[in-house]
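First the structure, then my questions, so here it is.
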Amino acid sequence: MNQRLPPRTALFGGLLLWFAVLGGVLSWTVHSLAAWSIDELTCEAGHDNLAGLPLTGAVALAVLLPAAGAATALVVSVLAWRRLRPGPRADDDRSLGRAHLLAVVGLWLNVLALAMIVLGGVAALVLPPCQR
């Protein structure tokens, strides 16, 4: 049951699967770097706003945008996991099994990344930003 897909479809499906695996981790990285650097650099400069936006608003954006990216990657990984489930006669198609495994790995990585973004966001938004 190994049918050939058009090259554009195969490329899009492959990129989507890699987004399902790595999207949450990349979002967590962006969140960690952006939220920390916005908070540290703005406070170190002695300001309480960033380009006219209050510091808590800028940090909230550094939490909400990566959280949306991680949630999107989580949805894509769940859809890939459901779509790539091996059927009863899938023993001969190993690539389907590998893609299913990647979807499962992506699902758990995205859950972890989303939890870390939310917990880091709670800490960044609850604690006072520039306490000297």
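Check ASP39 against each of (1) open to solvent by less than 70 Å² (accessible area, probe 1.4 Å); (2) within 17 Å of the chain's Cα centre (by Cα) and name the one condition it does not meet.
(2)
Okay, moving on. So how many residues does the range 47-59 have that are at pLDDT below 80 and either in a loop (DSSP other than H, G, I, E, B) or under 23 Å from the mean Cα position of the chain (by Cα) (or both)?
4
Still on this structure, I have one more. Looking at (1) open to solvent by 70 Å² or more (accessible area, probe 1.4 Å); (2) under 24 Å from LEU15 (Cα atoms); (3) not β-branched (Val, Ile, Thr), which one does ALA68 not meet, given that it meets all the others?
Exception for ALA68: condition (1).
Quick one: is LEU65 at pLDDT 85 or above, part of a helix (DSSP H, G or I) and within 27 Å of TRP108 (Cβ to Cβ)? Please lay out each step first, then the result.
Details: at pLDDT 85 or above: yes; part of a helix (DSSP H, G or I): yes; within 27 Å of TRP108 (Cβ to Cβ): yes.
Considered against the rule, which asks whether it is at pLDDT 85 or above, part of a helix (DSSP H, G or I) and within 27 Å of TRP108 (Cβ to Cβ), LEU65 comes out as yes.
Would you please list the contacts, defined by Cβ atoms under 7 Å and residues six or more apart or on different chains, that run from a residue in the range 58-77 that is closer than 15 Å to ALA115 by Cβ to a residue that is among the polar types (S, T, N, Q) and buried (at least 16 other Cβ atoms within 10 Å of the Cβ)?
Sorted first by the residue in the range 58-77, then by its partner, the pairs are PRO66/SER27; GLY69/SER27; ALA70/SER27; ALA70/ASN110; ALA73/SER27; ALA73/ASN110; LEU74/ASN110; SER77/ASN110.
Next question. Does ALA73 fit the bill of being farther than 22 Å from ALA20 by Cα, among the aliphatic types (A, V, I, L, M) and in contact with a helix residue (DSSP H, G or I) (Cβ under 6 Å, 6 or more places away or on another chain)? Talk me through it step by step, then tell me what you get.
Values: farther than 22 Å from ALA20 by Cα: no; among the aliphatic types (A, V, I, L, M): yes; in contact with a helix residue (DSSP H, G or I) (Cβ under 6 Å, 6 or more places away or on another chain): yes.
Spelling it out, it is not the case that ALA73 is farther than 22 Å from ALA20 by Cα, among the aliphatic types (A, V, I, L, M) and in contact with a helix residue (DSSP H, G or I) (Cβ under 6 Å, 6 or more places away or on another chain).
The values are calculated or read from the model by the stated rules, or taken from the named source; none is laboratory data. Computed from a predicted structure; not experimentally measured. Note that each Cβ is placed from the backbone with ideal geometry, even for glycine, and that neighbours are counted across all protein chains shown. Protein only, heavy atoms only, side chains kept; ligands, DNA and RNA dropped before computing areas. Shrake-Rupley method; radii C 1.70, N 1.55, O 1.52, S 1.80 Å.
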